[in-house]
Amino acid sequence: MSDIKRTIMIVLDSVGIGELPDAEEYGDIGADTLGNMAKAVGGLDLPNLEQLGLGKIKEIEGMDAKIEARGIYGKMAEASKGKDTTTGHWELAGLVSNTPFPKYPDGFPDEVIDPFLEETGFDGILGNKPASGTVIIEELIDKHLETGNPIVYTSADSVFQVAAHEDVIPIERLYEICEIARDILTGEHGVARVIARPFVGEPGSLERTDRRKDFSLEPPEPTLLNILEDAGQDVIGVGKIIDIFAGSGVTESDHVIDNMKGVDSTIEYMGKVEEGLIFTNLVETDMIYGHRRDVDGYYQALRDFDERLPEILASLKPSDILIITADHGCDPTYKGTDHTREYVPLLMVGQNLKSDTRLETRDSFADLAATIAELHEVEPTFDGKSFVKEIMN
C-alpha cells in the first residue's frame with residue numbers, strides 16, 4: 001500500500017535540457033534551453049533547483065554537479081510526434097500522440113476558411129498567416145476597424161487564433177466565433193487549440209487583454225487525470241491545465257497565467273487539498289520569453305521561481321511528492337521562434353523518496369504518469385512504465 005496521498009507536479013513550460021536524438025527531424029540540432037542559456041548569461045544561479053539536483057542531470061554552467069541532491073533527478077525523452085504544449089502535457093498524463101497536430105506555415109486553406117465564413121457570417125477575414133499576435137493586430141487594426149472582420153492567424157504551434165478589438169467584436173461574440181472554429185477544426189485539420197485573442201486600445205497603443213480563452217481538443221483517450229477523478233481523487237489544474245485538457249479530468253481549476261500567482265495558487269491548494277494531484281503549468285518562460293528569444297527575461301523567470309521554491313518545499317506533507325519537470329524546449333538562444341525538440345528535466349522530492357539518486361533516462365513522459373498512477377493506487381489504461389521501485393525508500 002502506497003504512503004503517497006498527494007502529488008504536486010509543476011511544469012516549467014519549455015525548460016528543456018538538451019536536444020533529443022531525433023532533433024534533426026525537427027530542425028533543432030544544437031538546441032539546449034538550459035545549457036545554452038547558462039552559457040549566454042555566464043552561468044545559472046538557481047541554488048534551490050541546484051539542491052534538488054538540476055546540475056547533476058547534465059553539466060550546466062554555474063550549477064554544482066557534486067552536490068548531494070535532496071531527491072531524485074534525471075531526464076525524460078518525448079515519445080510523441082511533436083514538440084508543442086498540448087502534446088507534451090498529454091504525454092505527461094500518459095497519452096502518447098503518434099500523429100503530430102497540423103500546422104499551417106502558409107495559412108489556413110479554403111476548406112477551413114470557407115465554412116468558417118459561412119457559419120460566422122463574416123464576408124472575409126484579415127491576416128491568415130503565421131504571425132506574432134502583438135505585431136499582426138497593429139498591422140491590421142485599420143482594416144479591422146473599417147471592415148469589422150476578425151484577424152485570423154497562426155504560429156509555429158498548432159493553433160487557430162482569432163483576434164478582435166473588444167469594441168468591434170464583443171467578447172462573448174468572439175468566444176462564439178471560436179467555438180464555431182473549434183467545431184470545424186477536427187479530423188485532418190484538428191489543431192491543438194483555437195484561441196480567442198481580445199484586445200483594446202487605439203492604433204499604436206493596442207493591448208491584449210486577460211480575457212483570452214483557449215478552446216482545446218479533448219484528449220481522445222482517458223488520461224491520468226480521468227483515472228484519478230474516477231477514483232474519487234482531486235485533480236487540481238493551475239494555469240493552462242484546464243485549457244490543455246479541455247477540462248477533461250480536472251475537478252477544480254485556477255486559470256492564472258502569471259507565474260508567481262501560479263505559485264501562490266499551488267501553495268494555497270497544498271493547504272486545503274488532502275488527496276490527489278495538483279497539476280501546475282507556469283507558462284511565462286515559454287509564452288513571454290522563450291518564443292520571443294529573450295534570454296535575460298527567461299533566466300529571470302527561472303530565478304523568480306527558484307526564490308519561491310523553498311515555500312513550496314515547506315508546504316509539503318510527509319505523504320506528498322513534489323515533481324518539477326517540463327513539456328518541451330524553447331531555447332531562447334536558438335534561431336526562429338518555435339519550440340525546440342529536447343529532453344526535459346525531472347526532479348522529484350518527498351519524505352518517502354530516496355535522496356541523491358539518479359534516475360535512468362526515461363523513453364517517454366508517460367513513464368511519469370504510470371508512476372503517479374501506481375503511487376495513487378489507480379490502474380492506468382495508457383502506455384508507460386512505472387519506476388516506483390527505483391525511487392521509493
note = With the dipole of the stretch 172-284 defined by +1 on each Lys or Arg Cβ and -1 on each Asp or Glu Cβ, the option from LEU206, ILE242, PHE279 whose Cα lies farthest towards the positive pole is LEU206
query = Could you list, bin by bin from short to long, the percent of Cα-Cα pairs of the stretch 211-325 in 5 Å steps?
reply = 2, 11, 19, 22, 19, 15, 8, 3, 0
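Apply 1/(1 + (r/R0)^6) to the Cβ-Cβ distance of ARG173 and MET260, taking R0 = 35 Å, and write down the FRET efficiency to the nearest 0.05.
Numbers: r = 33 Å, r/R0 = 0.93.
Efficiency computed from Cβ-Cβ geometry: 0.60.
How would SER80, SER2, SER155 line up from fewest to most surrounding beta-carbon atoms within 10 angstrom? Present the calculation step by step, with values, prior to reporting the outcome.
On the way: SER80 22, SER2 12, SER155 19.
Arranged by neighbour count, lowest to highest, SER80, SER2, SER155 become SER2, SER155, SER80.
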task = Based on the mean of other Cβ atoms within 10 Å per residue, sort peptides 200-212, 321-333, 125-137 so the most packed one is first.
result = 321-333, 125-137, 200-212
Centre separation in Å (Cα based) which lies between the stretch 42-75 and the stretch 91-107 = 31 Å
request  = Using θ = phi - 60° and the Karplus relation 6.51 cos²θ - 1.76 cosθ + 1.60, list the HN-Hα couplings for the stretch 379-393 in order, rounded to whole Hz, with x at every Gly or Pro.
outcome  = 8, x, 9, 10, 6, x, 10, 5, 10, 3, 4, 7, 10, 8, 5
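Please compute the contact order of the stretch 110-215 in relative form: average sequence separation of alpha-carbon pairs under 8 Å and at least six residues apart, divided by the residue count, as a percent. It would help to have the intermediate numbers written out before the result.
Values: 165 pairs, mean separation 26.4, N = 106.
It comes to 25 percent, rounded to a whole number.
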message = If each DSSP helix of 4+ residues adds -39,500 (n - 2.57) and the sum is divided by the residues in the chain, what number results at 222 nm, nearest 500 deg cm²/dmol?
response = -9000 deg cm²/dmol
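How would you rank 339-352, 28-41, highest first, on the average number of other Cβ atoms within 10 Å across their residues?
Numbers: 339-352: 24.9, 28-41: 21.6.
So the peptides 339-352, 28-41, ranked by packing, come out 339-352, 28-41.
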task = Let me know the charge dipole size of the stretch 285-331 about its Cα centre in debye, to the nearest 20, where only the beta-carbon of Lys, Arg (+1) and Asp, Glu (-1) is charged.
result = 60 debye
ask   = Using θ = phi - 60° and the Karplus curve 6.51 cos²θ - 1.76 cosθ + 1.60, what whole-Hz ³J(HN,Hα) does each residue of the stretch 198-204 get, with Gly and Pro shown as x?
value = x, 8, 9, x, 9, x, x
request  = Kindly put PHE101, PHE279 in sequence by how many other C-beta atoms sit within 10 Å of each C-beta, fewest to most.
outcome  = PHE101, PHE279
query = What are the GluC sites (Glu not before Pro) within the stretch 52-82 that DSSP puts in a loop, where the Cβ has at most 14 other Cβ atoms within 10 Å?
reply = GLU59, GLU68
task = Calculate the dipole size of the stretch 110-215 relative to its Cα centre from +1 charges on Lys and Arg beta carbons and -1 charges on Asp and Glu beta carbons; express the result in debye to the nearest 20.
result = 380 debye
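Can you give me the relative contact order of the chain as a percent, contacts being Cα pairs under 8 Å and 6 or more apart? If you can, show how the numbers build up before the last one.
Numbers: 927 pairs, mean separation 118.5, N = 393.
Rounded, it is 30 percent for the chain.
A short reminder: the numbers here are calculations on the coordinates, not readings from a lab. Bear in mind that the values here come from a model prediction, so they are computed numbers and not experimental data. Cβ: placed from backbone, ideal geometry, glycine included. Neighbour counts: every protein chain shown.
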